[in-house]
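S.K.: Below is a structure I'd like to ask you about.
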Amino acid sequence: LNGRYRTLLKKMFDTGPIKVELPGATNTMFEVHSTELLDENGIVIAGEVGYTIGSTYTSLTGFYDSKTKNENGKMAHPSTGKIQMVILGKLLEKKGISFWNLGHPP
C-alpha cells in the first residue's frame, strides 16, 4: 500500500482525464481533477486533487510549498494554500459547481 503512488499518479496523468459514467444516473459522470498554482518560474507551489459527480466537487488532498525559503530564510510562498483554495472556489463557481465538499466526514 502506497509503495509507488507517484508512479501510479504519473501513469494516470499520462492516460488523460479520468471520466466514468455512473450506472443508473442520468448525465452524471465521476471525473477526477487536479489544480495547480504555479510561481513565476512555472514551479508548482500549491495544488490539490479532487473529483466531481454532477455539480458537486469533493476535495481529496491538497498541499502547499512550505519548504522553499527566500534569501531571508523565510517561507518563499506564504499563503499559497489559501490562495489556491480561493482561486479554486471561483473556478468551481464559474464551472457551475453548486457544492464544494472539503472532504471532511460528518
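The values are calculated or read from the model by the stated rules, or taken from the named source; none is laboratory data. Since the structure is predicted, the reported quantities are computational estimates derived from the model, not experimental observations. Glycine gets a Cβ as well: all are built from the backbone with ideal geometry, and neighbour counts include every protein chain shown. SASA here: full protein model, heavy atoms, side chains in, ligands and nucleic acids out. Shrake-Rupley method; radii C 1.70, N 1.55, O 1.52, S 1.80 Å.
S.K.: On the basis of being exposed (fewer than 12 other Cβ atoms within 10 Å of the Cβ), without any contact (Cβ under 8 Å) to a residue 12 or more places away in the chain and assigned to a loop (DSSP other than H, G, I, E, B), does Gly96 make the cut?
M.R.: Against the criterion (exposed (fewer than 12 other Cβ atoms within 10 Å of the Cβ), without any contact (Cβ under 8 Å) to a residue 12 or more places away in the chain and assigned to a loop (DSSP other than H, G, I, E, B)), Gly96 does not qualify.
S.K.: Same structure, new question: Can you name the residue in segment 6-32 that is open to solvent by 60 Å² or more (accessible area, probe 1.4 Å) and modelled with pLDDT under 70 and, of all such residues, is nearest to Leu60 (Cα to Cα)?
M.R.: Checking each candidate, the answer is Pro17.
S.K.: Checking Ile45 against (1) without any contact (Cβ under 8 Å) to a residue 24 or more places away in the chain; (2) not in a helix (DSSP H, G or I), which test does it fail?
M.R.: Only one criterion is unmet by Ile45, namely (1).
S.K.: Here is a follow-up. Count, please, the residues in segment 64-84 that happen to be open to solvent by 100 Å² or more (accessible area, probe 1.4 Å) and closer than 30 Å to Phe30 by Cα. Show your work before the answer.
M.R.: Keep residues of segment 64-84 that are open to solvent by 100 Å² or more (accessible area, probe 1.4 Å), which gives 64, 67, 69, 71-72, 74, 82.
From the residues that got through so far, the ones that are closer than 30 Å to Phe30 by Cα too are 64, 82.
The qualifying residues number 2.
S.K.: Another one. Starting from residues that are more than 8 Å from the chain's Cα centre (by Cα) and within 12 Å of Ile87 (Cβ to Cβ), keep the ones in segment 33-44 and report whichever is surrounded by the fewest Cβ atoms within 10 Å (Cβ to Cβ). Give the derivation first.
M.R.: First pass over segment 33-44, keeping only residues more than 8 Å from the chain's Cα centre (by Cα): 37-44.
Keeping just the survivors that are within 12 Å of Ile87 (Cβ to Cβ) gives 37-38.
Numbers: Leu37: 20, Leu38: 11.
Going through the qualifying residues, I end up with Leu38.
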